[in-house]
1. Any chance you could count how many residues in the stretch 232-265 are among the aliphatic types (A, V, I, L, M), in contact (Cβ under 8 Å) with a residue 40 or more places away in the chain and outside any strand (DSSP E or B)?
2. Exactly one of (1) surrounded by fewer than 18 Cβ atoms within 10 Å (Cβ to Cβ); (2) touching a strand residue (DSSP E or B) at 6+ places or on another chain (Cβ under 7 Å); (3) of a type in the set (F, W, Y) is unmet by Y120. Its number?
3. Can you find a residue that is more than 22 Å from D53 (Cα to Cα) and either among the hydrophobic types (A, V, I, L, M, F, W, C) or touching a residue at least 40 places away in the same chain (Cβ under 8 Å) (or both) anywhere in the stretch 99-109?
4. Can you tell me which residue in the stretch 128-152 is surrounded by the fewest Cβ atoms within 10 Å (Cβ to Cβ), limited to those that are β-branched (V, I, T) and touching a strand residue (DSSP E or B) at 6+ places or on another chain (Cβ under 9 Å)?
5. When you look at K226, is it touching a Ser or Thr at 6+ places or on another chain (Cβ under 6 Å), more than 17 Å from G170 (Cβ to Cβ) and of a type outside the set (D, E), yes or no?
6. What pairs come up if the first residue lies in the stretch 175-194 and is over 16 Å from I95 (Cα atoms), the second is of a type outside the set (G, A, S) and assigned to a strand (DSSP E or B), and their beta carbons are under 7 Å apart, counting only those six or more places apart or on different chains?
7. Does R73 meet the test of being in contact with a Ser or Thr (Cβ under 7 Å, 6 or more places away or on another chain), assigned by TED's automatic domain parsing to the domain that holds K267, modelled with pLDDT of 95 or more and exposed (fewer than 14 other Cβ atoms within 10 Å of the Cβ)?
8. Looking at this structure, is T148 more than 19 Å from S217 (Cα to Cα), hydroxyl-bearing (S, T, Y), touching a residue at least 24 places away in the same chain (Cβ under 8 Å) and in a helix (DSSP H, G or I)?
Amino acid sequence: MPIIKIEKQYLGLRTRNDFMRKISKVAGIVLLIYGIIAIGFYLLQDKIIFQPDRLSLDYSFAFNQPYREYFIRTTDGESLNALLFTTTQPSKGLILYFHGNADNLQRWGEYAIDFTNLGYDVLMIEYRSFGKSTGTPTEENLYADASTLLQWAQTNIPHSRLIIYGRSLGSGVASHLATEFTPALLILETPFDELKGAIYPLFRPFVYFLPARYTFSNKENLPKVKCRKVIIHGTEDWVVPLSSALKLKPLLGPGDQFVIIEGGGHKNLRDFDLYHSTLNEVLLGVED
């Protein structure tokens with residue numbers, strides 16, 4: 001065999017081997033980065049999901065509407081801060097409001113007026129470690145605390161009908177509570193199908209196959225809910241994509257509603273007339 005041919009074969013083989021080594025090196029770096037990000041997401045789940053803003057016990061809330069403050073004791077000895085906003089009209093019922101994954105009741109309490117103006121009292125609970133509440137939040141704790149709040153409300157706040165309202169992370173809490181107790185109405189604002197559905201699409205591949213400590217699965221809860229259900233979501237939600245909420249639409253039944261607000265984001269749905277007209281329709285049309 002000519003020497004030139006042998007040299008060409010050798011050079012070709014070496015080139016292919018060099019190429020494969022480079023591919024392997026790049027693949028190794030990619031896998032390493034993937035592993036670091038994935039492990040980071042797994043270890044930091046609690047900090048990513050729960051973003052409390054603490055308040056001192058002597059903090060005085062400031063709202064332009066009547067309210068009363070309570071501290072509710074849990075079965076495991078923690079203290080949950082709660083605010084009751086009362087309507088100036090003859091009350092049509094009580095709304096249990098479960099808020100999103102950040103801030104505290106000073107922010108969330110500002111939204112109560114959307115319901116008190118329609119003649120409803122609103123009871124908002126502060127999750128564990130949020131605001132003035134003690135304890136550590138977990139999915140199981142939030143579910144148990146929601147049940148505690150409901151039982152407390154049944155005993156301490158007279159009401160003719162009860163409505164459960166969940167926003168964002170609170171949608172999972174609200175829908176779970178509605179599987180244990182049948183309210184007159186369940187309203188979910190900016191919900192996800194399950195918590196993984198709220199992960200920004202760019203990062204979803206890094207966590208999709210990881211074991212999740214939390215699910216807050218609306219898609220598992222809704223088929224078990226026996227009351228009327230209303231979902232409100234915006235087309236420009238960059239926190240919980242509309243595509244995630246749309247997976248819940250097939251789980252709705254006759255009389256349920258899925259309201260899409262064109263241009264609505266995750267934090268501004270109440271800036272749109274359609275949001276308020278929807279609340280007006282479903283809350284003033286609620287039957288026992």
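1. The number of residues fulfilling the criteria is 4.
2. With respect to (1) surrounded by fewer than 18 Cβ atoms within 10 Å (Cβ to Cβ); (2) touching a strand residue (DSSP E or B) at 6+ places or on another chain (Cβ under 7 Å); (3) of a type in the set (F, W, Y), Y120 is out only on (1).
3. No, the stretch 99-109 has no match at all.
4. T134
5. Here the answer is yes, as K226 does meet what is asked.
6. These pairs meet every condition: T190/R167; T190/H233; P191/I231.
7. yes
8. yes
The values are calculated or read from the model by the stated rules, or taken from the named source; none is laboratory data. Predicted, not measured: the structure shown is a model, and the values here were computed from it. As a convention, Cβ positions derive from the backbone with ideal geometry for all residues, glycine included, and neighbour counts pool all protein chains shown.
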